[in-house]
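Peer 1: A single structure is presented below for examination.
Bear in mind that the values in this text are calculations on the coordinates, not laboratory data. Keep in mind it's a predicted model, so treat the numbers as computed, not measured. Heads up, the Cβs are rebuilt from the backbone with ideal geometry, glycines too, and the neighbour counts pull from every protein chain shown.
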Amino acid sequence: MKVNSNILIRHIPVLLIPLAFISCSNQTEKKPDAARPGSGAMADLNSYMVQKDRERIQNYIERKNLRMTETSTGLWYQILKEGEGALYRENDNIVMEYDCSLLDGTKCYSSKDLGPRELILGRSGIEAGLNEGLRLLNPGSEAVFIIPPFLGYGLLGDRKLIPPRAILVYTVTVRRR
């Protein structure tokens, strides 16, 4: 029996394709990445990072001789000048002059460059720590807030001037709009 070589050449790819699929499907079962931490390890890592941030903040406070108070959420604040009237509440209109910097003194944002910031408390897209801190103030107040990453811009930063995991220092003066 004579085999036509043209037919054999045409059918080889047809035979090889199913063979390739069969060999690919017989790969060993994928195992979870052993280097990927579980939820318990992630919680431990998070606790460790929060504690290290707290230590950095405390060192900063000592170096600068500040008299800061820590809230239950981890925001640090010092009221430099008391204002007058009731404390700010949800939906209050506020005009804020501010300087925002990193713990190392690197300036990020300032109302001197950008103009005063107008906001509605609880409705504006501001950091959770700043939102909390403004509620401790009344019109005319001046304060310093130290905002840890988990109350600020978190793991990513603002992708502009604030780097990932940054601790922010805000100096603010507030008034009603």
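Peer 1: Under a point spin-label approximation (7 Å from Cα along Cα-to-Cβ), what is the residue 161-residue 91 distance to one decimal in nm?
Peer 2: Result: 3.3 nm between the two label points.
Peer 1: For residue 45 and residue 110, FRET efficiency with R0 = 45 Å and r from the beta-carbon atoms, rounded to 0.05?
Peer 2: About 0.85, to the nearest 0.05.
Peer 1: Only Cα pairs under 8 Å and at least 6 apart count here; give the relative contact order of region 50-176 as a rounded whole percent.
Peer 2: Answer for region 50-176 is 31 percent.
Peer 1: For 111, 39, what ranking results if the residue with the fewest other Cβ atoms within 10 Å of its Cβ goes first?
Peer 2: Least to most surrounded, the residues fall as 39, 111.
Peer 1: Can you grab the distance from the C-alpha centre of region 67-81 to the C-alpha centre of region 127-170, Å, no decimals?
Peer 2: Their Cα centres are 12 Å away from one another.
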